[in-house]
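The values are calculated or read from the model by the stated rules, or taken from the named source; none is laboratory data. Just so it is clear, the model here is predicted, and its values are computed rather than measured. Reconstructed Cβ throughout: ideal geometry from the backbone, glycine too, with neighbour counts over all protein chains shown.
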Amino acid sequence: MNVFGYEGGIYPLRISEQPVGTNHVDLSLIANEEGMQHYCWIKSMSKLLSSQKSKNERKQQYCRRCLNPLRFKDSLKEHVEYCSNNEAVRIIYPKPREGSDADLLKFKNTNRFMRVPFVVYAYFEAFMEPIRNMCQPNPRESYTASYQKHTPSSFCYYIKCFDDDVYSKEPVTVTKEKEDDDIAQIFVDMLQADIKDIYTKFKEKRKWYLTKTTKGILRNQRFVTHVRNLLKLVKKKLEITKGLKKTLLGS
């Protein structure tokens, strides 16, 4: 049994914990100023809420917990799996000012919801070394005197795949052993080699059957596109040698 109240709109008071698909009875609790209460049977939730929720005249499937409309029963079943973890409330959206949408929040970058196949986590350790042979600034102008610089001494990076059954590798750790070791260059070379190795492994056109946790089939063309974009991003952002060394060395 589901019970709903009314105050400027329908809202849930009590929602049955029985799963979707069982026979539910929807009731509306009406009260007057004297405190008298009366239950009314809601024959069709879609007819009751359609004019409030949507301009679509088709029959809608409504979640009893949040009163959001969905087009199909299968969509409702999937929605309830997540919504059942939340309290039963009526969601109220802000109303825009007349002739303006300034009060509405919009999100257009839907591509950022997409899961990328790989993420690289990197960490550097560096020593603070004094800067020798400093140039004398012009005392007539404002300036900042740099007297120390960061010298990279070690790094660690980890390539995380969205599914360890598809690709998995232990974290890579390198520590400077000689004074002439260029840690920044070593980092770029090793990371670039790993990314090229990933691209080579998955560049063939094939279907990948994922585990139960990830579900579904990953088509290789989309997968390779992500890897290719990742390789381009590393080349562009790190600029292979010069850009990264300038960033780390502060020169």
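The residues listed here are Leu48, Leu29; of these, the one that is more than 31 Å from the chain's Cα centre (by Cα) and at pLDDT 85 or above is Leu29.
When the range 113-148 is filtered for residues that are touching a Phe, Trp or Tyr at 6+ places or on another chain (Cβ under 9 Å), in contact (Cβ under 8 Å) with a residue 12 or more places away in the chain and more than 30 Å from Tyr199 (Cβ to Cβ), the ones remaining, listed by number, are Pro130, Ile131, Met134. Counting just the residues of the range 4-40 that are in contact with a Ser or Thr (Cβ under 6 Å, 6 or more places away or on another chain) and in a strand (DSSP E or B), which one comes out nearest to Tyr62 (Cα to Cα)? Looking at the filtered set, the residue picked out is Phe4.
Would you say Lys178 is farther than 23 Å from Asn229 by Cα, surrounded by 11 or more Cβ atoms within 10 Å (Cβ to Cβ) and basic (Lys, Arg)? No, not satisfied. Regarding Cys83, is this residue within 18 Å of Val3 (Cβ to Cβ), at pLDDT 80 or above and in contact with a helix residue (DSSP H, G or I) (Cβ under 6 Å, 6 or more places away or on another chain)? In short, no. Going by the structure shown, is Cys135 within 30 Å of Asn229 (Cα to Cα) and not in a helix (DSSP H, G or I)? It is false that Cys135 is within 30 Å of Asn229 (Cα to Cα) and not in a helix (DSSP H, G or I).
Scanning the range 109-128 for residues that are in contact with a Lys or Arg (Cβ under 7 Å, 6 or more places away or on another chain) and surrounded by fewer than 11 Cβ atoms within 10 Å (Cβ to Cβ) returns a single hit, Tyr121.
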